[in-house]
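Notes to accompany the following structure.
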Amino acid sequence: MPTPQQPIGSRFGAADTAADVVSGIDLSGKVAIVTGGHSGIGAETTRALRAAGATVVVPVRDPDRARAMLAGIDGVEVEQLDLIDPASVDAFAERFLASGRPLHMLVNSAGIMNVPLHRDARGYESHFATNHLGHFQLAARLWPALRRAEGARVVAVSAWAHRLSPVVFDDPQFERRDYDPWLGYGQSKTANILFALALDQRGEADGIRGFSLHPGSIVGTNLSRWSTPEQLKALGVIDDDGVPVIDPDSGRKTAAQGASTSVWCATSPQLDGLGGVYCESNEVSPLVPLQDVADLLTRGETPIGVVSHAVDPAAAERLWALSERLMGSAI
């Protein structure tokens with residue numbers, strides 16, 4: 001059955017911030033984990049959830065650096081986690097489960113983009129391993145805590161770049177095809193959406209719902225460090241002087257605006273009873289035909305909506321099976 005990719009009439013829009021969408025929501029007693037929650041939209045997600053009363057755990061590769069970056073946000077728990085290292089994922093999950101706490105919100109915000117070809121110790125391509133498989137393993141290991149919450153949400157931060165590539169099941173690791181960093185990134189962003197869809201199908205009976213989203217195009221974060229100024233200008237996110245373009249209606253946002261959809265997916269009562277949907281600008285996105293991304297950008301248009309290869313239930317099930325095989329175990 002296709003996902004219900006129909007807007008629901010959210011009262012928030014593209015210019016709203018993470019603080020705006022969580023205003024009036026009391027998260028006291030709730031526990032959230034935000035990967036990448038120390039920088040960019042992840043830090044703004046952490047800030048908003050913490051301000052609403054949630055306990056926020058931020059697992060990162062470099063805890064000391066993260067603590068320094070989060071110094072202005074009181075009460076955040078920083079933990080060690082390297083998404084590309086299966087042993088590190090397991091160790092973090094074991095520590096969290098040992099605390100006995102429920103997990104109400106898992107926001108998978110960490111990621112890499114447009115990086116040169118790199119493989120992890122298993123030989124897996126780095127975008128797929130970091131953006132998708134590490135988060136898949138994390139959710140799998142934390143499943144008992146998600147179930148314990150009796151109402152949990154898993155939020156996968158994807159991107160409009162899912163249009164660039166479906167999951168190429170015959171060669172997901174670029175072993176037999178030429179590597180292109182944008183195709184690697186795009187494939188991993190499609191995987192994020194399919195992951196949320198398949199997770200929602202498995203978790204609904206236990207009160208665990210999955211969501212995915214495009215936060216907007218945001219520069220000045222770690223995500224863009226591998227992109228050249230020429231590439232960023234071609235995407236329309238910086239001007240000829242290198243100044244970030246801020247135009248929320250066209251998807252070019254500040255970090256606080258970009259984080260709003262993550263926080264909306266994690267907390268909004270409007271999404272009660274829904275799951276498996278892809279969202280952007282604090283709304284459920286429409287299903288749209290696949291269009292040429294380069295042509296859209298040349299015309300100054302930003303791709304909106306979700307395309308069919310990213311919400312195909314058969315592809316979601318196929319990805320789930322592949323991910324379990326690559327991870328070496330099942331939920």
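The values are calculated or read from the model by the stated rules, or taken from the named source; none is laboratory data. Quick caveat, the model's predicted, so the values are computed rather than measured. Virtual Cβ from ideal backbone geometry, glycine too; neighbours counted across all protein chains shown.
Name the single residue, out of those in the stretch 28-48 being in a loop (DSSP other than H, G, I, E, B) and small (Gly, Ala, Ser), that is surrounded by the most Cβ atoms within 10 Å (Cβ to Cβ).
It comes out as Gly37.
Taking the criterion of being out of contact with any helix residue (DSSP H, G or I) (no Cβ under 8 Å at 6 or more places or on another chain), among the small types (Gly, Ala, Ser) and farther than 25 Å from Asp312 by Cα, would at least one residue in the stretch 115-130 satisfy it?
For the stretch 115-130, residues out of contact with any helix residue (DSSP H, G or I) (no Cβ under 8 Å at 6 or more places or on another chain), among the small types (Gly, Ala, Ser) and farther than 25 Å from Asp312 by Cα: present.
Please state which of the following conditions Val58 fails to meet, knowing it meets all the rest: (1) touching a residue at least 40 places away in the same chain (Cβ under 8 Å); (2) among the β-branched types (Val, Ile, Thr); (3) closer than 15 Å to Ala32 by Cβ.
Going through (1) touching a residue at least 40 places away in the same chain (Cβ under 8 Å); (2) among the β-branched types (Val, Ile, Thr); (3) closer than 15 Å to Ala32 by Cβ one by one, Val58 breaks only (1).
Given the condition farther than 26 Å from Ser217 by Cα and buried (at least 19 other Cβ atoms within 10 Å of the Cβ), answer yes or no: does some residue in the stretch 106-113 qualify?
Within the stretch 106-113, none of the residues are farther than 26 Å from Ser217 by Cα and buried (at least 19 other Cβ atoms within 10 Å of the Cβ).
Quick one: which residue in Pro102, Pro59, Pro86 is at pLDDT 95 or above, crowded, with 24+ Cβ neighbours inside 10 Å and of a type outside the set (S, T, N, Q)?
One residue alone meets the criteria, Pro59.
Residue by residue through the stretch 1-21, note down the ones that are buried (at least 21 other Cβ atoms within 10 Å of the Cβ), of a type outside the set (Gly, Ala, Ser), closer than 17 Å to Phe211 by Cα and at pLDDT 95 or above.
Val21, the sole residue that qualifies.
Select from the stretch 41-60 the residues that are aliphatic (A, V, I, L, M) and closer than 22 Å to Ser217 by Cα and list them in ascending order.
Ile41, Ala43, Ala48, Leu49
Quick one: count up the residues across the stretch 202-256 that are modelled with pLDDT under 80, over 19 Å from Thr302 (Cα atoms) and either charged (D, E, K, R) or under 16 Å from the mean Cα position of the chain (by Cα) (or both).
4
Report yes if Val76 is modelled with pLDDT of 95 or more, closer than 21 Å to Ala156 by Cβ and among the aliphatic types (A, V, I, L, M), otherwise no.
Taking the combined requirement at face value, the residue does not satisfy it.
Please go through the stretch 14-43 and pick out each residue that is over 13 Å from Ala256 (Cα atoms) and more than 19 Å from the chain's Cα centre (by Cα).
Of everything in the stretch 14-43, those that are over 13 Å from Ala256 (Cα atoms) and more than 19 Å from the chain's Cα centre (by Cα) turn out to be Ser23, Gly24, Ile25, Asp26, Leu27, Ser28, Gly29, Lys30.
If you go through the stretch 304-331, how many residues are assigned to a loop (DSSP other than H, G, I, E, B) and over 16 Å from Ser188 (Cα atoms)?
6
If I filter the stretch 184-193 for residues that are modelled with pLDDT under 95, out of contact with any Asp or Glu (no Cβ under 6 Å at 6 or more places or on another chain), surrounded by 18 or more Cβ atoms within 10 Å (Cβ to Cβ) and closer than 25 Å to Pro4 by Cα, do I get at least one hit?
Looking through the stretch 184-193, none of the residues is modelled with pLDDT under 95, out of contact with any Asp or Glu (no Cβ under 6 Å at 6 or more places or on another chain), surrounded by 18 or more Cβ atoms within 10 Å (Cβ to Cβ) and closer than 25 Å to Pro4 by Cα.
Just one of (1) part of a loop (DSSP other than H, G, I, E, B); (2) aliphatic (A, V, I, L, M); (3) touching a residue at least 24 places away in the same chain (Cβ under 8 Å) trips up Val168, so point out which.
In the conditions (1) part of a loop (DSSP other than H, G, I, E, B); (2) aliphatic (A, V, I, L, M); (3) touching a residue at least 24 places away in the same chain (Cβ under 8 Å), Val168 misses (3) alone.
Determine whether Asp16 is assigned to a helix (DSSP H, G or I) and farther than 24 Å from Leu142 by Cβ.
no
Would you point out the residue of the stretch 162-192, among those that are of a type in the set (Lys, Arg) and under 21 Å from the mean Cα position of the chain (by Cα), that is nearest to Arg119 (Cα to Cα)?
Lys189
Which one of Ala129, Ala159, Ala139 is surrounded by 21 or more Cβ atoms within 10 Å (Cβ to Cβ), within 13 Å of the chain's Cα centre (by Cα) and under 21 Å from Pro181 (Cα atoms)?
Going through Ala129, Ala159, Ala139 in turn, the sole match is Ala159.
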